[in-house]
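What follows is one structure encoded as structure tokens, with my remarks underneath.
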Amino acid sequence: MTPRPPNATAASLLGFLHDGPMTGWDLVQTAEARIGGFWSLSPSQVYRELAAMAQTGLIAAEERGPRERRPYRITEEGRAAFAGWVERVPEAETIRFPLLLTIGFGRHLAPGRLAAIVRRHRAVHAERLAGYEAQRAAWDAAGGAPTPYAAATLGFGISYERAALEWFDGLPAEIVGDGGRRTGDGAS
């Protein structure tokens, strides 16, 4: 029987473990830093996947370290499973944007509530863009991105956040309210 290929969460953890043994906590932090802008992993998902991968032999637990944290290392079976996963053609992305769902039902909100929600979300996207641009500036100051793969994912993040902000800035007054329109956008 051929083992089932790892899901994207398990595969990402296997990918991180190529860098060396890590605890569940280390993996949560690594995931947040390296893929958190486009792929979310909760601590409970990480620990659940670690238990499943240890049970199937994709990773092996090492001796407990400081604060009783247990590092895990990738096994040869894990390397083979990751290689099979990374070689496949990824499925198409699915847009799952909770704000769009709220906007779709915006007529059911009290006046001003949707505008407040939209302002909050716009601020989150502006903050993400600033963080991505700061990361690129740091890489530029250090002589460039650590890998072309990191540069490509960061470039996508920057382009995505710029597109999202452009979309926010073009929303009609019925959604953003009179006070939410930016000057210079052609609104009267």
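Bear in mind that the values in this text are calculations on the coordinates, not laboratory data. Not measured: the values here are computed from a predicted model. Because the Cβ atoms are built from the backbone with ideal geometry, glycine has one as well, and the counts that use them run over all protein chains shown.
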Here the alpha-carbon Rg of segment 37-117 over 2.2 N^0.38 Å rounds to 1.76
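Normalised by the residues of segment 8-87, what does the relative contact order come to in percent, with Cα pairs under 8 Å and at least six apart? Write down the numbers at each step before the final one.
On the way: 97 pairs, mean separation 30.2, N = 80.
Computed value for segment 8-87: 38 percent relative contact order.
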Toy charge model, Lys and Arg Cβ at +1, Asp and Glu Cβ at -1: the chain dipole around Cα centroid in debye, rounded to 20, equals 480 debye
What the Cα atoms of segment 1-146 span along the principal axes, largest first and in whole Å, is 57, 44, 37
Rg (one decimal) and Dmax (whole number) from the Cα set of segment 98-178, in Å, equal 16.2, 51
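Any idea what the relative contact order of the chain is, in percent, if you count C-alpha pairs under 8 Å spaced at least 6 apart? All intermediate terms of the calculation are to be shown ahead of the outcome.
On the way: 153 pairs, mean separation 35.0, N = 188.
Once normalised by length, the contact order is 19 percent.
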For segment 80-188, averaging the sequence separation of alpha carbon pairs under 8 Å that lie six or more residues apart and dividing by its residue count, the contact order in percent is 32 percent
The long-range amide H neighbours of I59, using H built 1.01 Å from N in the peptide plane and a cut-off of under 5 Å, are A54, T75
Per the rule of 0.36 nm per residue minus the C-alpha distance, extending A126 to S40 adds in nm 29.1 nm
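Please arrange V86, V176 by counting, for each residue, the other beta carbons lying within 10 Å of its beta carbon, fewest first. Working shown, then result.
On the way: V86 11, V176 21.
Exposure proxy ranking, most exposed first: V86, V176.
Order of 37-45, 151-159, 11-19, 88-96 by packing, highest average Cβ count within 10 Å first? Each step should come with its number before you reach the end.
Details: 37-45: 13.4, 151-159: 15.0, 11-19: 19.6, 88-96: 6.4.
Packing order, densest peptide first, comes out as 11-19, 151-159, 37-45, 88-96.
To the nearest 20 Debye, how big is the dipole of segment 8-87 about its Cα centre, given +1 on the beta carbon of each Lys and Arg and -1 on that of each Asp and Glu? Please report the intermediate quantities before stating the final value.
Values: 8 positive and 10 negative charges, 42 e Å.
Computed charge dipole of segment 8-87: roughly 200 debye.
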To the nearest 20 debye, segment 98-178 has a Cα-centred charge dipole, built from +1 on Lys and Arg Cβ and -1 on Asp and Glu Cβ, of 260 debye
